[in-house]
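These notes concern the structure reproduced below.
The values are calculated or read from the model by the stated rules, or taken from the named source; none is laboratory data. Computed from a predicted model, the values in this text were never measured in an experiment. Neighbour counts are summed over all protein chains in view; Cβ atoms, including those assigned to glycine, are modelled from backbone coordinates with ideal geometry. With ligands, DNA and RNA removed, areas are computed over all heavy atoms of the protein, side chains included. Shrake-Rupley method; radii C 1.70, N 1.55, O 1.52, S 1.80 Å.
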Amino acid sequence: MARIALIGVWLLSLALPAAAQYPDRPVTMLSGYPPGGMVDIVARTLAESMKKRFPKGLVIVTRSGAAGTVAVGEVARGQPDGYTFVLTPSSALAIAPQLNAVAYKTPDDYDPFINLVSYFPMLVVRQEAQWKNAQEFVTDAKANVGKLRVGSPGEGTSSHLNLEDLMGRAGIKVIHVPYQGWGHSSPALLGGHIDALVAQPGEVKPQVDGKRMRVLMVFQEKRHPLFPDAPTAKELGWDVANGVLFLLVAPKGLPAPVLQYLHDAAREGISQPLFADAMATRGIDVDYRPGDQLRADLWKEYKLNSEILRRIGMIKQ
């Protein structure tokens, strides 16, 4: 027993000097989605805001694939030394591992150390659509079961699950039409191929400003400042508010001083006007949450999504 204790002290003595010198070489931030998308934009804006804390360099590396799980999996399997971490949306943590076999499973399999921003999807229609508010849309959906077509950026996304949650709580049935992102779904809505669309604020705002789309309701706890006239689903009697967090994740077991350094660098980064302004123009809220709260929030989201996925048959067991 004494020998085991001595080995533990020896290993700690090796780790502490390394942590004290951190970072003494370039650090890599992985991005799990292609360049030009929202994850990539947030990653590059954050890196610019926090680069002074990494004198040897902070490098963005794109490792896209499998709904963000390739990048998260690489970090979850990686060395807990602080030299590689990942910026990821919570969907890659709370939805994807429930649907596919990946290198991690639950929020206890990695260290989420800070949440950066969040956004919540919303239900939109064409400006000339017959439904002037969300109640009219739901009433029509009840009268025409399985006839209205509603698009999303893909099956198993947060937008899709908000739609499924709404159907369950409002007692309606619509046809879900998954697309490969906004570039495909918005022309479908504007062209009349679908009746409504679940999308994110930054995508919707230019279309609303241009009088081409209208927001019927938002899936969040409070009204969105860019769309103050659009009620929340909760206001209308349907408790649907499943948002998307963008957070930083490190391998489990990172030395506490290194984890604190990364947290502090990121928190300083999101407090910079450069970062806050870039997010505000895209309808995204800076949403700081520290590691302990964040892990609890991820578990809450994980369990909520599990219930929805089971109900709609995407999880069989």
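For region 219-317, the residue among Val249, Leu304, Gln260 whose Cα projects farthest onto the positive side of the dipole built from Cβ charges is Leu304.
Solvent-accessible area per residue for the chain at a 1.4 Å probe radius, Å²? Numbers along the way, then the final one.
On the way: 14300 Å² over 317 residues.
Solvent-accessible surface per residue comes out at 45 Å².
Rounded to the nearest Hz, the phi-derived 3J(HN,Hα) couplings of region 41-49 under the Karplus curve 6.51 cos²θ - 1.76 cosθ + 1.60 (θ = phi - 60°) are 5, 4, 4, 6, 5, 5, 4, 5, 6, where x marks glycine and proline. In terms of its Cα atoms, region 82-207 spans 54, 31, 21 Å along the principal axes, sorted from long to short.
Other residues lying with their Cβ under 15 Å from the Cβ of Gly210 contribute a combined charge of +2, Lys and Arg counting +1, Asp and Glu -1.
Strictly greater than 27 Å: what percent of every Cα pair in region 178-317 meets that? Please report the intermediate quantities before stating the final value.
Working: 3661 of 9730 pairs.
Of the Cα pairs, 38 percent sit more than 27 Å apart.
Computed from Cα atoms, the angle from the helix 2-21 axis to the main principal axis of the chain rounds to 70 degrees.
Expressed as a whole percentage, what fraction of the accessible surface of region 94-192 belongs to carbon and sulfur atoms when a 1.4 Å probe is rolled over the protein heavy atoms? Percent of accessible area from carbon and sulfur atoms in region 94-192: 47.
Can you give me the % of accessible surface on region 40-79 that is carbon or sulfur? Probe 1.4 Å, all protein chains present, nothing else counted. The value for region 40-79 is 49 percent carbon and sulfur by accessible area. As a length-normalised measure over Cα pairs under 8 Å and 6 or more apart, the relative contact order of region 196-316 settles at 19 percent. Normalised radius of gyration (Cα atoms, divided by 2.2 N^0.38 Å) for region 40-149: 1.53. Computed over the Cα atoms of the chain, pair by distinct pair, the Kirkwood hydrodynamic radius stands at 20.7 angstrom.
In whole angstrom, region 204-285 maps to an equivalent ellipsoid with semi-axes of 33, 18, 10, each derived as √(5λ) from the alpha carbon gyration tensor and ordered largest first. Against the chain, whose longest principal axis is taken from its Cα atoms, helix 134-143 shows a tilt of about 70°.
Region 168-221: percent of C-alpha pairs farther apart than 12 Å?
On the way: 995 of 1431 pairs.
Looking at region 168-221, the distances longer than 12 Å represent 70 percent of pairs.
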